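Read through the structure below, which is laid out as C-alpha cells, and then see the notes.
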Amino acid sequence: MDTSLVMDIAVESLKVTALVGAPVLGAALISGLLVGVLQAATSIQEMTLSFVPKLFVVLGAMALFASYTLSTMTDYFMFIFEEIALKGI
C-alpha cells in the first residue's frame, strides 16, 4: 500500500464526513438559532425549551436524510473496495 492510496482514501473520507454530517449539523444550527432568538425575545430561559426542539429537529433531519447518508456511505465503501482491489494491499 503506497502513500498515494492512503492519501486518496484519507481525502475522500474527509469529504464523505463533511457531506454526511452537514445536513444534520445545519438543521441543528438553524433550530438552535431559532430557539435562541425565541428565548431572547420572550425572556424564557428554560433549559428544556432549548434542548427538546433541537433533539426533535436533529432526529427528524437524520430520518429525512437517511437515504442520502446511506447512498453516500455506500458509494464511499465501494470506492475503498475498488481502490484496494485495483492496487492491492
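Observations on the model:
- Checked against (1) touching an Asp or Glu at 6+ places or on another chain (Cβ under 8 Å); (2) surrounded by 13 or more Cβ atoms within 10 Å (Cβ to Cβ), Ala27 passes all but a single condition, namely (1).
- Leading residue by the ranking (farthest from Asp8 (Cα to Cα)) among those in the stretch 67-83 that are among the aliphatic types (A, V, I, L, M) and in contact (Cβ under 8 Å) with a residue 40 or more places away in the chain: Met73
- Filter result (at pLDDT 90 or above, over 14 Å from the mean Cα position of the chain (by Cα) and within 18 Å of Thr17 (Cα to Cα)) within the stretch 31-80: Thr74, Asp75, Tyr76, Phe77, Met78
- Yes/no for Val52 being part of a helix (DSSP H, G or I) and surrounded by 14 or more Cβ atoms within 10 Å (Cβ to Cβ): no
The values are calculated or read from the model by the stated rules, or taken from the named source; none is laboratory data. What you are looking at is a predicted structure, and each value in this text was computed from that prediction instead of being measured. In this analysis, Cβ positions are derived from the backbone assuming ideal geometry, glycine residues included, and neighbour counts consider all displayed protein chains.
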